[in-house]
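Everything on this sheet refers to the single structure shown next.
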Amino acid sequence: MPMINGEFRPKIVAFCCNWCSYGGADLAGSSRLSYPADVKIIRVPCSGRVNPMFILRAFERGADGVIICGCHPGDCHYSTGNYYARRRMTLLFSMLEYIGIENGRTRVEWVSAAEGVKFQATMNEFVEKVKSLGENVRLGDLRCKD
Amino acid sequence: MQRIGVFVCHCGTNIAATVDVKKVAELVRFEPGVVHAEDYTYMCSEVGQQRIIDTVKEKNLTGIVVCSCSPRMHEATFRKCAEKAGINPYMVEIANIREHCSWIHKDMEEATEKAVILARAAIAKVNLNAPLQEGESPVTKRALVIGGGIAGIQTAIDIAEAGYPVDIVEKTPSIGGRMSQLDKTFPTLDCSSCILTPKMVEASAHPLITLHTYSEVENVSGFVGNFEVDIRKKARSVNMDKCTGCGVCMTKCPMKKVPSEFNRNLNTRTAIYTPFAQAVPNVPVIDRENCMYFKTGKCGVCSKVCQAGAVDYEQQDEIITEKYGAIVVATGFDMIKLDKFDEYAYSQSADVITSLELERIMNAAGPTSGHLERISDGKAPKNIVFIQCVGSRCNDHRGKPYCSKICCMYTAKHAMLIRDKYPDTNVTVFYIDVRTPGKNFDEFYRRAVEQYHVNYVKGQVGKVVPKADGTLDVQGVDLLDNKQIVVNADMVVLAAAIEPNPDIRKIATMLTASIDTNNFLTEAHAKLRPVESPTAGIFLSGVTQGPKDIPETVSQAGAAAVKVIGLLAKDKLKTNPCTAKCDPIACNGCSTCANVCPYGAISYEDQLVRGPGVNETRRVAVVNTALCQGCGACSASCPSGAMDLQGFSNRQLISEVDAICR
């Protein structure tokens, strides 16, 4: 289990859409709103770009939590991408739960480019949740372990 | 195999103070593909960029990773730099180690470790980047301005003066907006109409400006340079070409009891009406909800008295479709509804009014012909109390968290005008802070206090109590004397917060323009691109972006116009090359991608597909790159993995995931 100073530090992948949530994360940054360094952000053009494959891959490679952030419903830069993301992820997450990846490890959240505070709060909350669930052992590929 | 150079920026101390930049450069040097890694104080500076260019040439780099600020800030800068160095601009990736790392973490070890991981992800991505070519799209040299207030009018005039046609779409029957409702303007006290109406006339007379009043934007499609907009021209019931604007119909209309929106419902208007005497265009509309003819089928007086035969009861809403290169949003503001602030007795007493209602009362063309009168009994008030920040700077859900910016100044204006015209009237202002930043603003406020002896009381009002004798007890606190006070008043004026036009959400959704939690439109960059929306081709003018007064609105309107002109002056626009691409060997023509594409960019054609074990003609997806905006919805939904997004391909994103989870 990856521990720093005796504390479990989860690996968290955050997919953020370029137009809203990545901007929200930037605003959190420029407002110096701190959240755990465990979160690593991948920029995607739209939450609808996130292929379920990416999430499976992340868990397989040892991620402990995956969060997808997009524009608020109705505000998608591409009109409908976030709706597809929401539907697709609802299905995927229920399937993941079925195979033992707890619902707390996956999340979809709407964060606009003006919501630095919400970005911070979301990440703090999500990291806490994943920490409480502990390491993801269910889907992790043992060959990827040190 | 790529030859990648990694450039780690200190950003002065912005990054270097929390991230050990030298260590980052050291640790990524042995990543696959990396042949060079260095750090420098300001990578975006001319010297920094030159270092990149020199290194590209010296070490034959094929890809660049810059570890610096957000790509939203400087991706374009470094892409241009790569182009100068002779490599494809899309071979650049940014690792955001400032906004997403150094600025939010305090522990150096932790931040450095994260920066290395972010750099590794970017390196892994560049390893799979391919050169991309930008396409070109034509520009429709015509602009649309949504909203015909001072912001929209000024933007339209400025664009038209540069030689480009502009359409203004205004929801109400006349252009003019909020400014036409004002009496005097601060800090010069010149009459609002006298400076606005010439501009309204100029806009309507300009050969390149087309006014669509009593119209609304119904649908927007397309993208920068090529928007297609449906405009609903609501049925005016009056033929604009025939009407001479004589106004006989309005004087003869028997339905005279309709509340006048323009006068903030303080008096009434007729069912066939122009909002105010100087309306542009000076053509009335029939308010069908209140018109006797439309309600009962009987009446038709306006049609009978109209000499020009302009009244047309059969007129229908008309939807016109126009093409534009750029769209400016200038939808302005309204005052908040006060139903949540009933402690001020706005709903209980006619003599508790908002400041915009006072503007109408003070206006010579208003409901009282400019005489300061109580609405309840028409008597001149002797004691007036102004209450500031009603709903502004409000921490709870009832109001707005922001400062509405204009209230301190207009209240000083109102107080001064009242004391000047009615010297025996006592004026008290309850305020939290008096904010007067602006040219000649503080001098103006001081005149109100020193010359006109307006009684400013620092403190908030808890309650306004209507009394049996028709007066109002204002219970407040005087913070400077630290005591509770009660001021008896004949009239109370509330400086209600301003909020963006209630239609703005709908408009923002149509334009896919981002909006903040207070419903103001977001700028592309708060400081450096304040008049542009992050959505290309959408520009912001006036209060739609944030609270501002008239001079600020006019300056911003001009700035928005300049940005529009800059766009329309181009013959061709470079298009985003990060478009979807279909691999015909994997594609089985299932149509899933076409169903999710919001732009109709995917079509199908029969192609001869040749590959390992395949040699047949079959139906495959084809992407129209001119229409594709690169959202990637198709790539995520393709069941066979045939559809992929260039610049954000499945392999690239997976390699980033792998690098982060390593």
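The values are calculated or read from the model by the stated rules, or taken from the named source; none is laboratory data. Predicted, not measured: the structure shown is a model, and the values here were computed from it. Virtual Cβ from ideal backbone geometry, glycine too; neighbours counted across all protein chains shown. The area values use the complete protein model at the heavy-atom level, side chains included, leaving out ligands, DNA and RNA. Shrake-Rupley method; radii C 1.70, N 1.55, O 1.52, S 1.80 Å.
Among the residues that make up segment A:64-85, is at least one of them farther than 30 Å from residue B:627 by Cα, of a type in the set (D, E, K, R), facing chain B (nearest Cβ under 9 Å) and touching a residue at least 60 places away in the same chain (Cβ under 8 Å)? So far as segment A:64-85 goes, no, none of its residues is farther than 30 Å from residue B:627 by Cα, of a type in the set (D, E, K, R), facing chain B (nearest Cβ under 9 Å) and touching a residue at least 60 places away in the same chain (Cβ under 8 Å).
Close Cβ contacts (under 9 Å, 6 or more residues apart or on different chains) running from residues in segment B:360-378 that are within 15 Å of residue B:489 (Cα to Cα) to residues that are part of a loop (DSSP other than H, G, I, E, B) and basic (Lys, Arg) comprise B:373/B:379.
Among the residues of segment A:115-136, those that are within 14 Å of another protein chain (Cβ to nearest Cβ) and surrounded by fewer than 21 Cβ atoms within 10 Å (Cβ to Cβ) comprise A:117, A:118, A:121, A:124, A:135.
For the structure I just gave you, tell me whether residue B:113 is within 14 Å of another protein chain (Cβ to nearest Cβ), under 27 Å from residue A:35 (Cβ atoms) and more than 31 Å from the chain's Cα centre (by Cα). Considered against the rule, which asks whether it is within 14 Å of another protein chain (Cβ to nearest Cβ), under 27 Å from residue A:35 (Cβ atoms) and more than 31 Å from the chain's Cα centre (by Cα), residue B:113 comes out as yes. From the list B:570, B:563, B:581, B:574, the lone residue that is more than 12 Å from chain A (Cβ to nearest Cβ), among the basic types (Lys, Arg) and assigned to a loop (DSSP other than H, G, I, E, B) is B:570.
For the subset of segment B:615-624 comprising residues that are open to solvent by 30 Å² or more (accessible area, probe 1.4 Å) and without any contact (Cβ under 8 Å) to a residue 40 or more places away in the chain, which member is nearest to the chain's Cα centre (by Cα)? Going through the qualifying residues, I end up with B:624.
Just one residue in the set B:204, B:193, B:137 is in contact (Cβ under 8 Å) with a residue 24 or more places away in the chain, small (Gly, Ala, Ser) and assigned to a strand (DSSP E or B); that residue is B:137. Of all the residues in segment B:415-446, those that are out of contact with any Phe, Trp or Tyr (no Cβ under 7 Å at 6 or more places or on another chain) and closer than 17 Å to residue B:187 by Cβ number 12. Go through the residues of segment B:248-265 one by one and say whether even a single one is open to solvent by 50 Å² or more (accessible area, probe 1.4 Å), at positive phi and touching a residue at least 12 places away in the same chain (Cβ under 8 Å). Yes, segment B:248-265 has at least one match. Pairs meeting the criteria (first residue in segment A:47-63 and under 16 Å from residue A:107 (Cβ atoms), second residue of a type in the set (D, E, K, R) and open to solvent by less than 10 Å² (accessible area, probe 1.4 Å), beta carbons under 9 Å, at least 6 apart or on different chains) are A:59/A:105; A:63/A:105. Do we find that residue B:141 is more than 22 Å from residue B:14 (Cα to Cα) and within 14 Å of chain A (Cβ to nearest Cβ) in this structure? For residue B:141, the condition - more than 22 Å from residue B:14 (Cα to Cα) and within 14 Å of chain A (Cβ to nearest Cβ) - is not met.
Scan segment A:7-29 for residues that are aliphatic (A, V, I, L, M), farther than 24 Å from residue B:511 by Cα and within 8 Å of another protein chain (Cβ to nearest Cβ) and jot them down. The answer is A:13, A:28.
The residue of segment B:507-521 that is surrounded by the fewest Cβ atoms within 10 Å (Cβ to Cβ), among those that are more than 9 Å from chain A (Cβ to nearest Cβ) and assigned to a helix (DSSP H, G or I), is B:510.
The set of residues in segment B:286-318 being open to solvent by 80 Å² or more (accessible area, probe 1.4 Å) and assigned to a strand (DSSP E or B) consists of B:318 alone. Please work out if residue B:451 is of a type outside the set (D, E, K, R) and touching a residue at least 60 places away in the same chain (Cβ under 8 Å). Taking the combined requirement at face value, the residue does not satisfy it. Of all residues in segment A:1-43, those that are open to solvent by less than 10 Å² (accessible area, probe 1.4 Å) and touching a Leu at 6+ places or on another chain (Cβ under 7 Å) total 1. The one condition from (1) part of a helix (DSSP H, G or I); (2) touching a Gly at 6+ places or on another chain (Cβ under 8 Å) that residue B:115 does not meet is (2). In this structure, does residue B:172 turn out to be part of a strand (DSSP E or B), open to solvent by 30 Å² or more (accessible area, probe 1.4 Å) and in contact (Cβ under 8 Å) with a residue 12 or more places away in the chain? The answer is no for residue B:172. In segment B:335-374, the qualifying residues are those that are of a type in the set (Asp, Glu) and in a loop (DSSP other than H, G, I, E, B), and the one that is most open to solvent (accessible area, probe 1.4 Å) is B:339.
Among residues that are of a type in the set (Asp, Glu), under 20 Å from residue B:354 (Cβ atoms) and open to solvent by less than 30 Å² (accessible area, probe 1.4 Å), residue B:490 is included. Checked against the criteria, residue A:57 does not count as open to solvent by 10 Å² or more (accessible area, probe 1.4 Å), part of a loop (DSSP other than H, G, I, E, B) and at the interface with another protein chain (Cβ under 7 Å from one of its Cβ atoms).
Residues are listed down the side, and each one gets a yes or a no for (1) in contact (Cβ under 8 Å) with a residue 40 or more places away in the chain; (2) assigned to a strand (DSSP E or B); (3) assigned by TED's automatic domain parsing to the domain that holds residue B:168:
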site: B:536; (1), (2), (3): yes, no, yes
site: B:539; (1), (2), (3): yes, yes, yes
site: B:553; (1), (2), (3): yes, no, yes
site: B:556; (1), (2), (3): yes, no, yes
site: B:589; (1), (2), (3): no, no, no
site: B:598; (1), (2), (3): no, no, no
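Could you tell me whether segment B:132-153 includes any residue that is open to solvent by 40 Å² or more (accessible area, probe 1.4 Å) and over 30 Å from residue B:570 (Cα atoms)? Looking for residues that are open to solvent by 40 Å² or more (accessible area, probe 1.4 Å) and over 30 Å from residue B:570 (Cα atoms), one finds none in segment B:132-153, hence no.
Among the residues making up segment B:584-609, none is more than 13 Å from chain A (Cβ to nearest Cβ) and within 31 Å of the chain's Cα centre (by Cα). The condition of being within 30 Å of residue B:223 (Cα to Cα), of a type outside the set (A, V, I, L, M, F, W, C), surrounded by fewer than 24 Cβ atoms within 10 Å (Cβ to Cβ) and within 7 Å of another protein chain (Cβ to nearest Cβ) does not hold for residue A:48.
Among residues of segment B:625-657 being open to solvent by 40 Å² or more (accessible area, probe 1.4 Å) and out of contact with any strand residue (DSSP E or B) (no Cβ under 7 Å at 6 or more places or on another chain), the one that is nearest to the other protein chains (Cβ to nearest Cβ) is B:641.
What's the number of the only condition in (1) in contact with a Phe, Trp or Tyr (Cβ under 8 Å, 6 or more places away or on another chain); (2) not in a strand (DSSP E or B) that residue B:7 fails to meet? Status for residue B:7: all satisfied but (2). Annotation for segment A:65-84: no member residue is open to solvent by 10 Å² or more (accessible area, probe 1.4 Å) and more than 30 Å from residue B:576 (Cα to Cα).
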